[in-house]
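Report on the structure given below.
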Amino acid sequence: MGSNSGNDEERENERGVVTKARPKTKKPSQYRVLLLNDDYTPMEFVVGLLMGVFKKTQEEATKIMLDVHQNGIGVCGIYTFEVAETKVAQVLDAAKRHDHPLKCTLEKA
């Protein structure tokens, strides 16, 4: 019996902490929020939206608005899907409330 207690002691020492291999968490997909040009929405309205919804400075908002005006499209920012979707909805709601035909969409970045 005495030799058995030695085996028990060895088994005690062999016990370790079992760690589960955690799967790597995937970074959420990112989406670009885009404004599309139209010939009716006032530039000041677009700048105001960019400052309000996207928290851009006057300078950043003006640059994006000019991109939209000159190139037909401008990037407002890159966000996770839920945030991008919310910002698109906010832009479209504000445009509709002010009777502007401004289009805003998102695409995978």
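One residue is enough: does segment 20-37 have a residue meeting the conditions more than 21 Å from the chain's Cα centre (by Cα), hydrophobic (A, V, I, L, M, F, W, C), outside any strand (DSSP E or B) and at pLDDT 95 or above?
Let us first name the residues in segment 20-37 that are more than 21 Å from the chain's Cα centre (by Cα), namely 20-23, 37.
From what's left, hydrophobic (A, V, I, L, M, F, W, C): 21.
This time we only want the ones that are outside any strand (DSSP E or B), so: 21.
If we keep only those that are at pLDDT 95 or above as well, we get none.
No, that holds for no residue.
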### Message
Suppose we filter segment 57-80 for residues that are free of Cβ contacts under 8 Å to residues at least 24 places away in the same chain, open to solvent by less than 50 Å² (accessible area, probe 1.4 Å) and either within 18 Å of the chain's Cα centre (by Cα) or over 14 Å from residue 33 (Cα atoms) (or both); how many remain?
### Response
1
### Message
Scan segment 67-74 and tell me whether some residue there is of a type in the set (Asp, Glu), at pLDDT 95 or above and in contact with a Gly (Cβ under 9 Å, 6 or more places away or on another chain).
### Response
yes
#### Entry: Residues located in segment 39-56, provided they are within 18 Å of the chain's Cα centre (by Cα) and in a loop (DSSP other than H, G, I, E, B)
54, 55, 56
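Given 46, 83, which one is touching a helix residue (DSSP H, G or I) at 6+ places or on another chain (Cβ under 6 Å) and surrounded by 13 or more Cβ atoms within 10 Å (Cβ to Cβ)? Let's see the steps before the verdict.
Values: 83 fails: touching a helix residue (DSSP H, G or I) at 6+ places or on another chain (Cβ under 6 Å).
Sole residue among the options that is touching a helix residue (DSSP H, G or I) at 6+ places or on another chain (Cβ under 6 Å) and surrounded by 13 or more Cβ atoms within 10 Å (Cβ to Cβ): 46.
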### Query
Taking segment 81-109, which residues are free of Cβ contacts under 8 Å to residues at least 24 places away in the same chain and either within 13 Å of residue 47 (Cβ to Cβ) or hydroxyl-bearing (Ser, Thr, Tyr) (or both)?
86
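Mind listing whichever residues of segment 33-92 are among the polar types (S, T, N, Q) and over 12 Å from residue 103 (Cα atoms)?
Kept after step one, since they are among the polar types (S, T, N, Q), are these residues of segment 33-92: 37, 41, 57-58, 62, 70-71, 80, 86, 90.
Within segment 33-92, 57, 58, 62, 70, 71, 80, 86 qualify.
The values are calculated or read from the model by the stated rules, or taken from the named source; none is laboratory data. Since this is a predicted model, take the numbers as computed values, not measurements. With ideal geometry, Cβ positions are generated from the backbone for all residues, glycine too; neighbour counts draw on all protein chains shown. The accessibility values were calculated without ligands, DNA or RNA, using every heavy atom of the protein model including side chains. Shrake-Rupley method; radii C 1.70, N 1.55, O 1.52, S 1.80 Å.
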